[in-house]
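Shown next, in structure tokens, is the structure this report addresses.
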Amino acid sequence: MESIRLSRFSRGGKTANFAAIAAGPRPRTTNRGHWKPSYCPAMPARGEKIRMHHLIAEFRPVAPFKALLLGATAIGALAVASPGAAQDASSPTDQETVDRSAADDSGQAEAAARGVGEIVVTARRRAESLQDTPVAVTAITSAALDQQGAVNISAIAQSVPSLTFNTTAGNSGASNAAVVFIRGIGQDDFFPTIDPGVGIYLDGAYVSRTLGGVLDTVDLEQVEVLRGPQGTLFGKNTIGGAVQITTRKPGPDLEGYLEATTGRFGRIDAKASINLPFSETLFARFSVATLNRGGYITILEKDPLTGAVRDADAPKLGNISTMAGRAALRWEANPDLTFDLSFDYTGKREQSSGSTLLATQPLIPGLGFDPNDPASINNYIMSNAATVGGFHNLIVAGAQGCNPVFGGNPFDQSNPACLNDQYVTGDPYKTFYEPRASRSDLDVWGLTGVVDWDASPAFGVKSITAYRNTKSFFMRDDNTPLQLIELMTDQTAKQFSEELQFSGKAFDNRLTWLVGLFYLNEKVDFDNPACFSFVCTGVSTKLQTNSYAAFAQGTYAIGPHTNITIGGRYTNEKKTSDPDNFFIDIGFGLGPLAIGNPNPNPATIIDTPVAVKFDNISPMASIDHRWSDNIMTYASYSKGVKGGGFQQRVIVPRILQPTFGPEKLTAYEIGAKTDFFDRRLRINVAAFQSNYNDLQITTFPGGANSIEPVQVNGGRARIRGVEVEATARPFDALTANFGLGYLKTKYLEVTPGAVIPAGAALPFTPKWSLSAGLGYAFDLGDAGTLNLRGD
């Protein structure tokens, strides 16, 4: 994979955002600017093996042309701009955050040249150095994501210990469902009746749904990953942690960039952005992107007469087809009052996510029957009919030679009517998916307004108001030409949130405090018709959530080098569900049967509104001590909560929809933030234990072969782990990054009926995770810098 970047600077505009990551002497500047070519490799997107060519052009007009360009359109300005680059020579670290608005150009360059640069994070809802923050947090810049060839934020999983970030949920087919786990805690179900376990925040606003949560890397500033429960400052559904995404803000300089990427699988990406200063206090920024790549899993078809297998005339699964845009406006009413308004949109028209069949179970292993015993035959049929494979082979395809009771052989791979391993390709890039069930569409847009007022040096107010609208439609097949499990999902989610923050300092600045209020209203229309063999049901609901919270946190300096932090959050939440599950068809041309159905209408499965409520207090406390300028250690205690919900996959008729309560987690953590050798080496370490209670787990009350899963609070687990992050810059041209995560998870208690072995590890928790990166910058003098990097 290859990436070629060109950057242009000028004396006419500020260059703080590039100077901090520049190395070596600057080339000579003129009124026409200068060129600095660089080379850096980028990692392919997940699932790709590509050779990619990447070109970025960035412009910053010099003073004589500024007035002329101010009157041009964004497209026109970009068209006449000289090529440039998003990043200059050698970055002190790919995970460095640069304060572009306040930092001085030369000051940042000198700081970067000394070693590992300063990283500014907002993990505690205020800007502070990473090395002063007693929280396990990783910050990744947009430049680092570009170098990895990232098309969305899921690429952060390549750099963050104990993080799993997938873009599709099991049995969904959606290519945009965020499945995020931090330290073994998250959620892999896309149904809106179940809350996520890791919170995603866009410019401070909470993104409540997993569908549409895989945000694209369009004009991002940085991404912060906070590990461990963030129940006090971020609230519910951050029981595992939080992912904070910050976009670039408009500024006073006319600037912009063009970026193009090509590669195998027909990959063609293009991004463009322009910053327009309308006056000394009013600025705007516009960004657009189109991301395109062909699929990578070929759909096969099998001739029902000859059994011959060939490629189907159908698009491949797992493609990318995205349009995204962003518009931002900033008004600096005075030096102490700033208004930010932003609009973002993402549209996707893609095939279903890539998947393939790994194994089949034609019949229950070890279960036989006596052909002379009717009771034995009945038990054999009824037990197998409770499984997907057994129901198909014995009932649906029984007359086609797949039922052993009548002399058939369900394991005969020459019989295309039988479900068996004939549809297991053994190739992860080939599958027997139904082409008509391949679709994944998404339209999501959001509006965010932020008001930040520094009323005095010791008191500030911040308001974050946000609205998001997400519409998604996708389908899912069972990866066979048979009708075993076929799903379709149509969801519309609307959310409004408001957060007020009051912050300040007291007692001669020894106390730094934050108090806030939060409100969330969410409405979801969810429709999920499903067919299991020939039994089809409608699964839908209308959900509404009202969540209120109040929180406070304060950090007090009890000594010149020691701080204690105490905080807490109170949450009151009510969710309502108005379900409408019903039978569409039970097969053989038969309508719904009234036998055993407690509802007046025999077609009804559930249709009675239900509600769940909960109140929660999530406290936290920590102490940190700075032993020297280069070593800080901390210890913390915190709690988090994940909201309760509803069981939507109801197949057996009943009056009330099953509900479940919130999950709770208590975490203990110790850590150290260290710099050595004049900041040439940085090592941050965290060790933790989490006690996980009231787990929302799936059970089968009817036994392992039951067809209806039920979600309950039925588990308790323990999670222990260690995380190490290191950045080294032994000399100016060389930068190395390293990350290590170790997790030891175990279910301590599981309710009967759960298909979880005793002592099993939690899902999405690899015992070891390792990441590494190495970059070298060759100074080519006036010709620029050649930047090589691998991850």
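Side notes on the structure shown:
- Burial ranking of peptide ranges 169-175, 516-522 (average Cβ count within 10 Å, highest at the top): 169-175, 516-522
- Exposure check, 1.4 Å probe, all protein chains in place: Met323 carries approximately 110 Å² of accessible surface.
- Cβ-based net charge around Ile320, under 9 Å, with every Lys or Arg adding one and every Asp or Glu removing one: +1
- For peptides 603-610, 406-413, sequence by mean Cβ density within 10 Å, most packed first: 603-610, 406-413
- The label point for Thr281 and the one for Asp311, both projected 7 Å from the Cα toward the Cβ, are 6.2 nm apart.
- Accessible carbon and sulfur surface of the stretch 231-363 relative to its total accessible area, %, 1.4 Å: 60
- Only protein heavy atoms count here; on that basis, with a 1.4 Å probe, Glu498 has an accessible area of about 40 Å².
- Cβ-defined net charge surrounding Gly741, 13 Å radius [Lys, Arg +1; Asp, Glu -1]: +3
- Between Asp412 and Phe738, the contour length at 0.36 nm per residue exceeds the alpha carbon distance by 112.3 nm.
- Euclidean distance of C-alpha centroids, the stretch 395-415 and the stretch 221-258, integer Å: 56
- With each label modelled as a point 7 angstrom along the Cα→C-beta vector, the Ala772-Leu447 pair spans 5.1 nm.
- Local net charge near Asp624, Cβ-Cβ under 10 Å (Lys/Arg +1, Asp/Glu -1): +1
- Rg of the Cα atoms in the stretch 640-755, relative to 2.2 N^0.38 Å, amounts to 1.63.
- The stretch 200-351 - accessible surface per residue (Å², probe 1.4 Å): 35
- Net lengthening on full extension, Ser376/Leu748 (0.36 nm per residue, minus Cα-Cα): 130.1 nm
- Maximal additional length on extending the Ile364-Thr608 stretch stands at 84.2 nm, based on 0.36 nm per residue less the C-alpha distance.
- Global geometry of the stretch 157-303, whether rounded, prolate or oblate, following the gyration tensor of its Cα atoms and the 1.5 cut on a/c: oblate
- Projecting label points 7 angstrom from Cα along Cα→Cβ for Gln483 and Phe339 puts them 5.8 nm apart.
- Peptides 177-186, 573-582, 371-380 ordered by average Cβ neighbours within 10 Å, highest first: 177-186, 573-582, 371-380
- Distance from the stretch 729-763 to the stretch 364-384 (C-alpha centre basis), Å: 42
- Within the accessible area of the stretch 527-631 (1.4 Å probe), percent carbon and sulfur: 63
- Residues Arg680 and Ser456, FRET efficiency given R0 of 35 Å [Cβ-Cβ distance, rounded to 0.05]: 0.30
The values are calculated or read from the model by the stated rules, or taken from the named source; none is laboratory data. Everything quoted here is computed from the prediction, not taken from an experiment. A quick note on method: Cβ atoms are made from the backbone with ideal geometry, for glycine too, and the neighbour counts reach across all protein chains shown. Protein only, heavy atoms only, side chains kept; ligands, DNA and RNA dropped before computing areas. Shrake-Rupley method; radii C 1.70, N 1.55, O 1.52, S 1.80 Å.
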